[in-house]
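Data block below; observations after.
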Amino acid sequence: MSLLKKKIKWVAFIVAAVLATAAGIAAALRPVTVEATVVHPATVTLTFTEQGSYGYNHFYSVYPLVAGEVLEVRVEEGDPVAAGDVIAVVSASDYEYQITQLQSAVEGYKGQISNLSLQEEQEKVNLAANLESLQGQLTTLEAQMEQNWSGAESLELQISIQEQIVYYNQENVHHARLDLDDARKYGDDDEVDQARQAYNTARSALSQSRLLLEQLKAGEVPEDIHEGQRQSIQAQMDAASTLLETSYTGGMVQYYNAQIAAAQANIAQMREKAGQAELTAPVGGVLSELPVKNLNILSQQTLSAVIGDDEQVEVFVPIREIDGVAVGDKVELLLDKRLGTETIAGTVIEVDDEAQVKLSALGVEERKVRVRIRPEQPGLRIGYDMDVRFTVYTRENALTVPKTAVFSQENNDYVWIIQEGAVQLRQIVKGVETRDGYIIEAGLQDGSVVVTDADNGTISQGKRVEYIVNQL
């Protein structure tokens, strides 16, 4: 190769190297395009959403007063009703027959009351006779005790007295059993317990008196036989005196009077609805069920409507979120409908004290707390599922940046900010984590421009950049 050709090659190589160096310098000086967020004060809220179910806390079943043909239904399922509103109109052409039946029932109850009075009167006559007989036996026994009778004559008298004691104890058991039966029919739990205790006490006294009678007939005379018999006779006399002074049929009379009052009330209602009967709402609420809509004939046992009262949404909140939920909090109820999501306001009315184990959609056990919410819009359909959005944190005038804009070094947090077209490193203090970013407590101000992607490998301290605003 000639010397001239070698020189030409070296010159070309040097020119290429210079051009490459110049291109590298130009590339290094050329601004890099990055996405950035301009920080401005804004209101920040933290929310979470759980699925809830709509229903009612109380239900009232509605039955017709009389049987008959359904003439008209004036409401639809899901309609709100007030107490007294007419649900349906029922033909009541047979009301006179039913009134006659009720009047017969009233007369029957009155007859029962009269019979009770006669029975009580006769029982008291018998009690007075028994009391007189007991008094005579007590006098004889006390005389025997004073004279210290002994031998066959004394044993014969003691057996006779003991037989009378057994008889009276049998009568006591019989009456106690009747009282227990009456208490079970007409009384409350306390009255049943008292009657049962009296019945058991009477049976125990009868058993002891029979045992003593058997001992006397076998010639076995306990040392304290006289005193025991005297106490037993005195107890019988006290019980008889008490029964003579009180009315023991009061509970049954009260029961029959209540039945009479109820029957008379029904008679008055039927007479008022001569020829037809209106099926009315006994309470205010929402018609959660309306079976009468599909019926032609009703009996008095036919469930015609169900009214739901005290509307509520039930939702189960994870225990990690429950500290942010309190009675009185406002929530949003989100109904997914074909034309979009309908939002209804609601208020938390109850938070359970204990958590329950619930299965997630994947079959995983989770501990959740039941929360009840009252919607502000009535008339939703029972069984509706909806999302419940809780707001657990609100901060006004907060500066926030995306999570991707923040990175950590040596236990400190940083962002890249853009000032005068160049990237600068800025230390910050993070606050509450939001769904998409962080609230910044220190290090930034209104209008700060922050690089959205802190891991962008093309930027460094002082690097010239051009940015595209990605507002948070």
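From the list GLU420, GLU441, GLU410, which residue is of a type outside the set (Phe, Trp, Tyr), closer than 19 Å to ILE468 by Cα and free of Cβ contacts under 8 Å to residues at least 24 places away in the same chain? Break it down stepwise before answering.
Numbers: GLU441 fails: closer than 19 Å to ILE468 by Cα; GLU410 fails: closer than 19 Å to ILE468 by Cα.
Within the list GLU420, GLU441, GLU410, the selection yields GLU420.
Can you work out which of the residues in the stretch 450-461 that are buried (at least 19 other Cβ atoms within 10 Å of the Cβ) and closer than 15 Å to VAL39 by Cα is nearest to the chain's Cα centre (by Cα)?
THR452
Tell me whether the stretch 91-106 contains one or more residues that are modelled with pLDDT under 80 and either closer than 30 Å to ALA235 by Cα or among the hydrophobic types (A, V, I, L, M, F, W, C) (or both).
For the stretch 91-106, residues modelled with pLDDT under 80 and either closer than 30 Å to ALA235 by Cα or among the hydrophobic types (A, V, I, L, M, F, W, C) (or both): present.
Could you tell me whether GLN471 is exposed (fewer than 11 other Cβ atoms within 10 Å of the Cβ), modelled with pLDDT under 90, of a type outside the set (Gly, Ala, Ser) and assigned to a loop (DSSP other than H, G, I, E, B)?
yes
Residue under question is ASP323, and the condition is that it be among the acidic types (Asp, Glu) and assigned to a strand (DSSP E or B); does it hold?
Judged against the criteria, ASP323 is not a match.
When the stretch 211-228 is examined, which residues are found to be modelled with pLDDT of 70 or more and surrounded by 16 or more Cβ atoms within 10 Å (Cβ to Cβ)?
Selection gives LEU212, LEU213, LEU216.
Of everything in the stretch 303-320, what is assigned to a loop (DSSP other than H, G, I, E, B) and surrounded by fewer than 16 Cβ atoms within 10 Å (Cβ to Cβ)? Give them in sequence order. Walk me through it before giving the result.
Step one: filter the stretch 303-320 for residues assigned to a loop (DSSP other than H, G, I, E, B), giving 303-304, 319-320.
Selection gives LEU303, ILE319, ARG320.
Checking the conditions here, which among GLN300, GLN356, GLN377 is out of contact with any Asp or Glu (no Cβ under 8 Å at 6 or more places or on another chain) and in contact (Cβ under 8 Å) with a residue 60 or more places away in the chain? It would help to see each step written out before you state the result.
On the way: GLN356 fails: in contact (Cβ under 8 Å) with a residue 60 or more places away in the chain; GLN377 fails: in contact (Cβ under 8 Å) with a residue 60 or more places away in the chain.
Criteria check complete, one pass: GLN300.
Does the stretch 420-430 hold any residues that are out of contact with any Ser or Thr (no Cβ under 9 Å at 6 or more places or on another chain), assigned to a strand (DSSP E or B) and not hydrophobic (A, V, I, L, M, F, W, C), and which are they?
GLN424, GLN427, LYS430
Condition test on LYS330, is it touching a Gly at 6+ places or on another chain (Cβ under 8 Å) and touching a residue at least 12 places away in the same chain (Cβ under 8 Å)?
yes
May I ask you to verify whether VAL106 is over 30 Å from PHE316 (Cα atoms), in contact with a strand residue (DSSP E or B) (Cβ under 9 Å, 6 or more places away or on another chain) and crowded, with 17+ Cβ neighbours inside 10 Å?
Working: over 30 Å from PHE316 (Cα atoms): yes; in contact with a strand residue (DSSP E or B) (Cβ under 9 Å, 6 or more places away or on another chain): no; crowded, with 17+ Cβ neighbours inside 10 Å: yes.
In short, no.
Looking at (1) outside any strand (DSSP E or B); (2) at pLDDT 85 or above, can you tell me which one ALA36 breaks?
(1)
List the number of the failed condition for ARG389; all other conditions in (1) part of a strand (DSSP E or B); (2) modelled with pLDDT under 90 hold.
Only one criterion is unmet by ARG389, namely (2).
Give me the residue from the stretch 256-312 that is among the charged types (D, E, K, R) and more than 29 Å from the chain's Cα centre (by Cα) and, out of that set, modelled with the lowest pLDDT.
Here the residue is LYS273.
The values are calculated or read from the model by the stated rules, or taken from the named source; none is laboratory data. Keep in mind that this is a model prediction, so the values were computed, not measured. Every residue, glycine as well, gets a Cβ built from its backbone with ideal geometry; the counts of neighbours run over all protein chains shown.
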